[in-house]
Amino acid sequence: MDIAVIGSNMVDLITYTNQLPKAGETLEAPDFAIGCGGKGANQAVAAAKMGGSVMMVSKVGDDLFAPNTVVNLQQQGVDTRFVTTAPGTSSGVAPIFVDDESQNRILIIKGANQQLKPADIDAAADALKSCQLIILQLEIPLETVYYAIDFARQHDIKVILNPAPAVADLNIDYACKCDFFMPNETELEILTGMPVTTDEEVKLAGQSLLKRGLKNLIITLGGRGSLWMSGDSVHQVAPTAVKAVDTSGAGDAFIGCFAHELVKSGDIPAAMAQASAYAACSVTGRGTQRSYPDAETFQRFLN
Ligand code: ATP
């Protein structure tokens, strides 16, 4: 394996409706869909679809959703030997309400993801040691994230930390032990308490984090592109112009593709350029994982 994602999986329960019920009221909604999501799983699937050799360390619940999650990961080419069941627990689920204007209202129940513990990293240690890169997000307990970072440092494995969803009490010392710290602009704002409305403000907020000892900071800026900051250098990547249909999961598409390209070439600007185009391609389709192109479809998008 080249890449290990130690992180979450969720089942998206998507109701399409313009009206939410009040307390005590029952309403009918026109449409419903189930999707596979969770930041960890999304990133693993993006990297695998691009041709990466990817394993996941993750927890599913003791319920009907679990087999579907595992089969989905396998069908996308992700190694699931270390996706295990948390007895007596529900899977992570995300009831999502989408209205006609594509506005999302999302609830997240982390469920089994909260049961992913340092012992699960120990159980996967031999397989993890063969990986070149570990990707982490914050939908699992922080103690597990910190343990994984120390494990990676001990075994000389590169680490990407995507601080999502934002956690105000993230220990920045651990972020500094990672090779890449990859927030979006909202997460950057929460972590620094600084405004991020303009590119200049984003750079100032980024510099305030770099001063605390971060090695490489890559900020995704939605339709404004992305930015890599390291030491005094700033490298900006313009977005690929597309007609966006649904931007959910774009950040995960970016990170999964970036990880795959980084392992392949070690060239950070080239990996960002590919990741930017890959994420742009993903926003042209509906859904999260289902909007991620495989390598062949992505090649056609580029041509
Ligand atoms: P999510 O949490 O839904 O996964 P995010 O907020 O973490 O997303 P964004 O910063 O919105 O991630 O987007 C990630 C990357 O996707 C951007 O840096 C950009 O390269 C690409 N992208 C997003 N939206 C667009 C768009 N409208 N047009 C072109 N590229 C886009």
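The values are calculated or read from the model by the stated rules, or taken from the named source; none is laboratory data. Computed from a prediction, not measured in an experiment: that's the story for all the values here. Neighbour counts run over all protein chains shown; Cβ positions are idealised from the backbone, glycine included.
Hey, Thr240 hits all of (1) hydroxyl-bearing (Ser, Thr, Tyr); (2) farther than 25 Å from Ala205 by Cα; (3) in contact with a helix residue (DSSP H, G or I) (Cβ under 6 Å, 6 or more places away or on another chain) but one; which does it fall short on?
Condition (2) is where Thr240 drops out.
Among the residues of region 261-303, which ones are among the hydrophobic types (A, V, I, L, M, F, W, C) and either over 24 Å from Gln75 (Cβ atoms) or surrounded by fewer than 17 Cβ atoms within 10 Å (Cβ to Cβ) (or both)?
Filtering region 261-303 down to residues among the hydrophobic types (A, V, I, L, M, F, W, C) leaves 262-263, 268, 270-273, 275, 277, 279-281, 283, 295, 298, 301-302.
Result: Leu262, Ile268, Ala270, Ala271, Met272, Ala273, Ala277, Ala280, Ala295, Phe301, Leu302.
Please pick out the residue among Ala295, Ala271 that is at pLDDT 95 or above and either under 14 Å from the mean Cα position of the chain (by Cα) or within 19 Å of Met182 (Cα to Cα) (or both). If you could, list the steps in order and put the result at the bottom.
Working: Ala295 fails: either under 14 Å from the mean Cα position of the chain (by Cα) or within 19 Å of Met182 (Cα to Cα) (or both).
The conditions single out Ala271.
Suppose we keep only residues that are polar (S, T, N, Q) and away from the ligand (no atom under 15 Å from the Cβ) within region 32-62. Which one would you say is nearest to the chain's Cα centre (by Cα)? Give the derivation first.
Looking only at region 32-62, we keep the residues that are polar (S, T, N, Q), and these are 42-43, 53, 58.
Then keep just the ones that are away from the ligand (no atom under 15 Å from the Cβ); that gives 53, 58.
On the way: Ser53: 17, Ser58: 13 Å.
Only one residue tops the list, namely Ser58.
Gly285 versus (1) assigned to a loop (DSSP other than H, G, I, E, B); (2) of a type outside the set (Lys, Arg); (3) within 7 Å of the ligand (Cβ to nearest atom); (4) touching a Ser or Thr at 6+ places or on another chain (Cβ under 8 Å): which is the lone unmet condition?
(3)
So, in region 142-169, how many residues would count as being away from the ligand (no atom under 16 Å from the Cβ) and closer than 21 Å to Phe258 by Cβ? Show your work before the answer.
Step one: of region 142-169, the residues away from the ligand (no atom under 16 Å from the Cβ) are 142-159, 168-169.
This time we only want the ones that are closer than 21 Å to Phe258 by Cβ, so: 145, 148-149, 152-153, 156-159.
Matching residues across region 142-169 total 9.
Suppose the filter is in contact with a Leu (Cβ under 6 Å, 6 or more places away or on another chain), within 19 Å of Val54 (Cβ to Cβ) and more than 10 Å from the ligand (Cβ to nearest atom); does Ala271 pass it?
Numbers: in contact with a Leu (Cβ under 6 Å, 6 or more places away or on another chain): yes; within 19 Å of Val54 (Cβ to Cβ): yes; more than 10 Å from the ligand (Cβ to nearest atom): yes.
Yes, satisfied.
Within region 248-263, can one find any residue that is without any contact (Cβ under 8 Å) to a residue 40 or more places away in the chain and not in a helix (DSSP H, G or I)?
no
To keep it simple, each residue is scored yes or no on (1) at pLDDT 95 or above; (2) at positive phi; (3) not polar (S, T, N, Q).
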| residue | (1), (2), (3) |
| --- | --- |
| Asp12 | no, no, yes |
| Asn18 | no, no, no |
| Gly38 | yes, yes, yes |
| Lys59 | yes, no, yes |
| Gln74 | yes, no, no |
| Gly77 | yes, yes, yes |
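Please work out if Lys39 is in contact with a Gly (Cβ under 8 Å, 6 or more places away or on another chain) and basic (Lys, Arg). Even if it seems obvious, please write down each step before you answer.
On the way: in contact with a Gly (Cβ under 8 Å, 6 or more places away or on another chain): yes; basic (Lys, Arg): yes.
Criteria met by Lys39.
What helices (runs of 4 or more DSSP H), lying completely within region 163-229, carry at least 3 residues that are buried (at least 19 other Cβ atoms within 10 Å of the Cβ)? Full working, then the answer.
Values: elements: 172-176, 185-192, 199-210.
By residue number, 185-192, 199-210.
Name every residue in region 1-32 that is in contact with an Asp or Glu (Cβ under 8 Å, 6 or more places away or on another chain), of a type in the set (A, V, I, L, M, F, W, C) and within 23 Å of Arg286 (Cβ to Cβ), in order of residue number.
Matches in region 1-32: Met10 only.
I'd like the full set of residues that are in a loop (DSSP other than H, G, I, E, B), under 17 Å from Asp12 (Cα atoms) and touching an Asp or Glu at 6+ places or on another chain (Cβ under 7 Å), limited to region 98-143.
Ser102, Lys110
Considering each of Thr198, Thr192 in turn, give the residue that is away from the ligand (no atom under 14 Å from the Cβ), out of contact with any strand residue (DSSP E or B) (no Cβ under 8 Å at 6 or more places or on another chain) and more than 18 Å from Asn171 (Cα to Cα). Can you show your working first?
Details: Thr192 fails: more than 18 Å from Asn171 (Cα to Cα).
Answer to the selection: Thr198.
Out of the residues in region 238-254 meeting the condition of being within 19 Å of the chain's Cα centre (by Cα) and more than 6 Å from the ligand (Cβ to nearest atom), tell me which one is farthest from Gln76 (Cα to Cα).
Filtering first and then ranking leaves Asp246.
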